[in-house]
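Structure first, commentary second.
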Amino acid sequence: MGRFDAVIFDVGGVLVESPVHAVLRLQRQVGLTDEVLVALFEHYSKVPGPGEPEPLWHRVEKGQLTVADFLVQARIDLATAGLDRVPIDPEQLNVYRDVSAHWQTVHAARRLRAAGYATAICTNNVREWASWRRSLPVDEFDVVVDSCEVGMRKPEPGIYALTCERLGVAPGRVLFCDDFSGNVEGARQAGLEAIHITRDLDAGLRELEAMLAR
């Protein structure tokens, strides 16, 4: 088996289309300005310091807040900042409503599992967006860890530790794949090896194969 016993895959941008693409389509469809879009998600990658409040979207991804509640507060914050209202409802914001699988990644995961590697999904996701599970053969993965179900999100170290624990594999024997650089760095800090998947998905999968072959 070499250096690794398991491979963990992110969902958006790795196993299915990136949520960023869906949000940009929504922006064009409903006419959101760049300022409003930035205001909605500018704190996505923020890591709160000691005593700092957690960004609202983090709480949505941890299952502590609904998307509807997030939009209510977002409209208040946008009005306070003198920006336009958000002309979207919670279901419109569902980036996985009509998503398709990246089948080249799914097939790669199938080959790995057939070769004896354990495979897992570790995703930052939203309770109301569970439709992503219908786009993928989720049962073909040994472990699925969803942030909204476990109350932790990447890049918090606990969610990587939990995924490794459920796999029964030490972090140093796990290879993690994600399209968000902050999550990749978080995995490395948690002791996992990690690959940053870019828009060139095929290149990322070739890097995955190369690392497993070392």
Original post:
Which one is farthest from residue 165 (Cα to Cα), of the residues in region 105-127 that are loosely packed, with under 13 Cβ neighbours inside 10 Å and not small (Gly, Ala, Ser)?
Top reply: 107
**OP:** Being within 15 Å of residue 120 (Cβ to Cβ), free of Cβ contacts under 8 Å to residues at least 40 places away in the same chain and part of a helix (DSSP H, G or I) is the filter here, so list the residues in region 188-214 that pass it.
**Re:** none
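For every residue, the table says whether it meets (1) in a helix (DSSP H, G or I); (2) at pLDDT 85 or above; (3) small (Gly, Ala, Ser).
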site: 23; (1), (2), (3): yes, yes, no
site: 39; (1), (2), (3): yes, no, yes
site: 43; (1), (2), (3): no, no, no
site: 50; (1), (2), (3): no, yes, no
site: 53; (1), (2), (3): no, yes, no
site: 57; (1), (2), (3): yes, yes, no
site: 60; (1), (2), (3): yes, yes, no
Original post:
How about region 120-143: which of its residues are touching an Asp or Glu at 6+ places or on another chain (Cβ under 6 Å) and farther than 24 Å from residue 58 by Cα?
Top reply: none
Subject >> strands (runs of 3 or more DSSP E) (entirely within region 91-178) containing at least 2 residues that are modelled with pLDDT of 95 or more, touching a Leu at 6+ places or on another chain (Cβ under 6 Å) and of a type in the set (Gly, Ala, Ser) >> reply: 118-123
Subject >> Which numbered condition residue 63 fails, given (1) surrounded by fewer than 17 Cβ atoms within 10 Å (Cβ to Cβ); (2) on the phi > 0 side of the Ramachandran plot >> reply: (1)
Original post:
Somewhere in region 53-72, is a residue under 14 Å from the mean Cα position of the chain (by Cα), of a type in the set (A, V, I, L, M) and within 21 Å of residue 155 (Cα to Cα)?
Top reply: yes
Original post:
Looking at (1) touching a helix residue (DSSP H, G or I) at 6+ places or on another chain (Cβ under 8 Å); (2) of a type in the set (A, V, I, L, M, F, W, C); (3) surrounded by fewer than 19 Cβ atoms within 10 Å (Cβ to Cβ); (4) over 16 Å from residue 7 (Cα atoms), which is the only condition residue 130 fails?
Top reply: (1)
Subject >> Selection status of residue 199, of a type in the set (Lys, Arg) and farther than 15 Å from residue 14 by Cβ >> reply: no
**OP:** Output the residues belonging to region 166-187 that are more than 14 Å from the chain's Cα centre (by Cα), surrounded by 16 or more Cβ atoms within 10 Å (Cβ to Cβ) and touching a residue at least 24 places away in the same chain (Cβ under 8 Å).
**Re:** 166, 167, 169, 173, 174, 175
Original post:
hydroxyl-bearing (Ser, Thr, Tyr) and more than 13 Å from residue 6 (Cβ to Cβ) - does that describe any residue in region 143-161?
Top reply: yes
**OP:** Have a look at 24, 32, 37 and point out the one that is at negative phi and surrounded by fewer than 15 Cβ atoms within 10 Å (Cβ to Cβ).
**Re:** 24
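The values are calculated or read from the model by the stated rules, or taken from the named source; none is laboratory data. What you are looking at is a predicted structure, and each value in this text was computed from that prediction instead of being measured. Using ideal geometry, Cβ is built from the backbone for each residue, glycine included, and neighbour counts are taken over all protein chains shown.
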